[in-house]
Amino acid sequence: MKNIKIIAFALFGLLSSGLAACSDDDYKAPLEAAKPVHDGATYNSLTFHWDKVPGAVQYGYQLTGPGDVEVVTDVTNLTEVSITGLEPATTYKLSVWAYAFFESDNTTSVATLEATTAPIIKLSTPVLTVTNEGRAIVVTWDADENAKEYAYSCMIGNILYDEGTVTSPSVTFRNLPKGDYSVSVTAVTDEGGYESSAPGVATFAVTRSELWRVKGTYEAASGSSWDATLVAYDDNSYVLLAWYGVEGYNLEFAIDENDADGPMILTGDYSYDSSTGYYYVPVDDQNGVYVYPWSGYSNLSGDAVAGELTLSVYSSDYGTDVFVWGLSIDSLVGEYDYVTEGNDMYLSNPDSDWNSFSYSGTVNVEKVGDDSLSFDGLFWSGYPIVGKVDLDNRTITFEPQSWGTYVFASEIDSNQAVVATIGDDMSVTIAGWSAWYDGYPYIYDSRSVYTKQ
């Protein structure tokens, strides 16, 4: 019996030592604390990650904002988190801890990290450049890649003259009346993280209004010739654009309204030689021509229809330059703004026998042969009509001609021509035309006016 007790005691001791050994094996060291890292920020989100904590099966995290206001609290079995819906330019605090097993109360110590969301980026304020191009004031600025469009407004004094939006970095104002102007442009965006710009502002003055401009031929005393354009203003001043064929080098002059037969007054910034009476006028960045503007030597005569400018000049020798303009086939070629109105039967609305129509746009009038021009945009684009020009009578005659599946002719008779008129400003009016099909006219009371740009 004693031996049995000893064995039992020994067994109990062995079990006890075995249990003690098992308890030592089950002991786990505390989990390491997570070490969060800030990966990036947008104006409304923050992204973090941390290395996997050995022995951890899930992680708890909390994001708080200013004043320790809770934004979100959650658990995850991942080692990264991205939180959205935040305020821009705001500092937040992330707290992260690890769990030894799911829903365990045994966690690591809490690790914290602060991070700030990106600010809203305001688009750059447009820097405006104003250029006077005769009939047009052109305002330009650098494009912003994040701008959806540009909102502009133009004021004359305190009165709104024009406003709108454009998608390209320029806006053009044509035929402005005299006055002091201010123009503002704002770069507009609807892209997240960006804000529309402050308005860029520029001022300019229109001190004169363009009356007319003509294209003609400039023939130098040397025998060379080229195309040039003369612009007339309402203050008796004139500009001969690119007078020697080089853009940006113009001849500017005026006529005394009280002495039309007096000397031509050169108004540009030209040097004057009082000993000879000549002005030195640049023709490019290195060369120039001497002009003698006095009566009997240099003269201007004519109007928007026809005329002649003679200039007494000296370059390598003395001579006379002549600029001549007048109504010609070539002078009628170019871009026109058009407005066309009238009534049609079934064309613009297949369900209605009579409809009124009004269209507008810009077309390029082109020369056809030696004496004809083609016009597009009357009713259908892509189907130009061709008319013969009579310069003496200032008319253009459009004989009946195919017009798509129709015949273009007078609204009176399908065999009758349409005669257009040419105005003093080189505008072209085409009226009383129709589209004929199978013996019936489908357009009445038509009138199309083309105004040269």
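Kindly provide the helix-only [θ] at 222 nm of the chain, computed as the sum of -39,500 (n - 2.57) over DSSP H runs of four or more divided by all residues, to the nearest 500 deg cm²/dmol?
The helix-only estimate for the chain comes to -2000 deg cm²/dmol at 222 nm.
Take the alpha carbon atoms of the chain, find their radius of gyration, then divide it by 2.2 N^0.38 Å using N residues; give the quotient. Walk me through the numbers on the way to the answer.
Details: Rg = 41.7 Å, N = 453, 2.2 N^0.38 = 22.5 Å.
Relative to the 2.2 N^0.38 Å estimate, the chain comes out at 1.85.
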Quiz item: How are the C-alpha pair distances of the range 210-325 spread across 10 Å bins, as whole percents from the shortest bin up?
Solution: 14, 51, 32, 3
Quiz prompt | Computed P(r) (all Cα pairs; the range 122-206; 5 Å bins; percent) | solution = 3, 16, 27, 23, 16, 9, 4, 1, 0
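How would you rank 119-126, 81-88, highest first, on the average number of other Cβ atoms within 10 Å across their residues?
On the way: 119-126: 16.4, 81-88: 14.9.
So the peptides 119-126, 81-88, ranked by packing, come out 119-126, 81-88.
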Exercise. Excluding residues fewer than 8 places away in the same chain, name every one of the lysines whose C-alpha is closer than 29 Å to that of LYS35.
Key: LYS52, LYS93
Quiz item: In nanometres, what is the gap between the two model label sites at ASP392 and ASN158, each 7 Å from Cα along Cα-to-Cβ?
Solution: 6.0
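Please give the direction-averaged projected area of the C-alpha convex hull for the range 368-453, in square nanometres with one decimal.
Numbers: hull surface 23.1 nm².
The directionally averaged projection comes out at 5.8 nm².
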Self-check item: Two-site label geometry, SER402 and SER331: point separation in nm, points 7 Å out along Cα→Cβ
Solution: 3.6
Exercise. Report the residues of the range 146-176 in range of a label on VAL127: point 7 Å along Cα→C-beta, backbone N strictly under 17 Å from it.
Key: 169-170
Exercise. Grab the Cα-Cα distance for ASP74 and THR47, subtract it from 0.36 nm times how many residues apart they are, and report the gain in nm with one decimal.
Key: 8.2 nm
Quiz item: When the label point is put 7 Å from the Cα of SER315 along its Cα-to-beta-carbon vector, which residues of the range 219-245 have a backbone N closer than 18 Å?
Solution: 219-229, 240-245
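Net charge around SER356, counting only other residues with Cβ within less than 14 Å of its Cβ (Lys, Arg = +1; Asp, Glu = -1)? List each step's numbers first, then the result.
On the way: positive: ARG447; negative: GLU341, ASP344, ASP353, ASP445.
Every neighbour counted, the sum reads -3.
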Quiz prompt | Crossing angle, helix 2-26 versus the chain [Cα axis fit, 0-90 degrees, rounded to tens] | solution = 10
Self-check item: 5 angstrom amide H check on ALA198, placed H, neighbours 5+ away
Solution: THR125
Self-check item: Reach of LYS178 by Cα under 16 Å, taken over aspartates and glutamates that are not fewer than 8 positions away in the same chain
Solution: GLU133, ASP162, GLU210, ASP234, ASP235
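Expressed in nm to one decimal, what extension gain is obtained for the pair SER374 and VAL166 from 0.36 nm per residue of sequence separation less their Cα-Cα distance?
Working: separation 208, 0.36 × 208 = 74.88 nm, distance 3.07 nm.
Here the segment from SER374 to VAL166 would lengthen by 71.8 nm.
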Self-check item: Separation in nanometres of the label points that stand 7 Å from Cα toward Cβ, at LEU211 and THR276
Solution: 3.2
Quiz item: Over the chain, what relative contact order in percent results from Cα pairs under 8 Å that are six or more residues apart?
Solution: 7
Quiz item: Beyond 20 Å, what share of the Cα-Cα pairs of the range 71-164 remains, rounded to the nearest whole percent?
Solution: 65
Quiz prompt | At R0 = 41 Å, FRET efficiency that the Cβ-Cβ distance of VAL110 and ASP190 yields, to 0.05 | solution = 0.50
Exercise. Could you order peptides 247-256, 153-162 by the average number of other Cβ atoms within 10 Å of their residues, highest first?
Key: 247-256, 153-162
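Taken together, the values in this text are just the output of simple stated rules run on the coordinates, not laboratory data. Note that this is a predicted model, so its numbers are computed, not measured. All Cβ positions, even for glycine, are placed from backbone atoms using ideal geometry, and neighbour counts span all protein chains on display.
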